[in-house]
Amino acid sequence: SPGAGGAAVLIRQYFTDGWYPTGSPNASDSIAPSAALLKAMLVTSADNSMSSYTVPDNNIGWGRVDLDSVLYFAGDTKKLAIVDDPIGLSTGQYTEYTYNVVSASAPLRVAIVWTDYPATAGAGRKLINDLHLTVTDPSNNQYKGNVYSGGQSVTGGSYDTLNVEECVRRNSPGTGTWTVRVDGYNCPQGPQPY
C-alpha cells in the first residue's frame with residue numbers, strides 16, 4: 001500500500017542519513033539497508049492496535065505500521081539493534097546475538113527477514129532457503145519465530161518452514177540477557193543473507 005511504501009522510504013532515509021546507532025544524523029554512520037532489513041523494520045514496527053484482530057492475522061498481517069515504535073532517536077528510552085548480514089548462513093551454520101533487556105515495561109520485538117533464492121515457476125513450495133529464529137529469555141524459555149498465541153510469542157510449537165519473515169514478540173519481557181539465534185536450517189542455494 002502507499003502508506004507502507006512511504007514508511008519504507010522513511011526507514012531507508014533514516015539509515016542513509018546515519019541516524020543509526022546514535023539516534024542523531026551522522027554522515028559517517030550512513031548505511032545502504034538491504035530490502036530484507038527494510039521489511040524487517042516494517043514488520044517489527046507493526047502495532048497490534050486494530051480492534052477485533054490479534055497478530056499475526058491474515059487480515060492485518062503483523063499489525064499497523066508505526067515507525068515511532070521501531071526507529072531510535074536520541075533521548076528515547078527504547079533501543080534499536082540491527083544486523084544486516086550480507087554474507088549470511090549456509091546449511092548447518094548459526095549465529096547468536098545477546099541483548100540486555102533492562103525493563104519489562106516495553107515490548108521486545110525480534111524479526112528476521114531474508115530475500116530468498118527464486119523458486120521455480122509453478123512450484124508448490126516456494127521457500128528455497130530456510131532460516132530459523134530462536135529467542136531465549138533469561139529464564140531459558142525458548143520462543144520460535146512465528147509461534148504465537150494471544151498476540152505474543154509462546155514456547156513450544158514448530159519452526160516456520162513457509163515464510164521469509166519470522167518474528168518473536170513478548171509484551172512484557174523478563175529483564176536480563178536474551179539470546180537471539182539464527183540457524184541456517186536448510187539453505188541449498190546458500191549462503192543466505194538476512
Original post:
Using mean Cβ contacts within 10 Å as the protection proxy, how do 114-125, 4-15 order, highest first?
Top reply: 4-15, 114-125
Original post:
Considering the chain as a Gaussian network with a 10 Å cut-off on Cα pairs, which listed residue, S90, S34, S172, attains the greatest mean-square fluctuation?
Top reply: S172
Original post:
For the range 80-97, in order, what is each residue's ³J(HN,Hα) by Karplus, 6.51 cos²θ - 1.76 cosθ + 1.60 with θ = phi - 60°, in whole Hz (x at glycine and Pro)?
Top reply: 9, 10, 10, 9, 10, 8, x, 9, x, 10, 9, 3, x, 8, 8, 9, 10, 10
**OP:** Provide the descending list of Cα extents for the chain along its principal axes, expressed in whole angstroms.
**Re:** 47, 37, 35
Original post:
Where the centre of each part is set by its Cα atoms, how far does the range 1-72 sit from the range 111-133, in angstrom?
Top reply: 22 Å
**OP:** Starting at the first residue of the range 47-57, write each ³J(HN,Hα) from the Karplus equation 6.51 cos²θ - 1.76 cosθ + 1.60 with θ = phi - 60°, in whole Hz, x for Gly and Pro.
**Re:** 9, 8, 10, 10, 4, 6, 10, 10, 6, x, 8
Original post:
Per the Kirkwood formula on distinct C-alpha pairs, the Rh of the range 46-138 is how many angstrom?
Top reply: 16.7 Å
**OP:** Report, by chain and number, residues whose modeled amide H sits under 5 Å from the one on V164, excluding near sequence neighbours (fewer than 5 apart, same chain).
**Re:** none
**OP:** Give the residues of the range 146-170 whose amide nitrogen is closer than 19 Å to a point set 7 Å from the Cα of K79 in the direction of its Cβ.
**Re:** 168-170
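Read-outs throughout are calculated quantities, based only on the coordinates presented, and are distinct from any laboratory measurement. A quick note: this is a predicted structure, and the numbers were derived from the prediction, not measured. Using ideal geometry, Cβ is built from the backbone for each residue, glycine included, and neighbour counts are taken over all protein chains shown.
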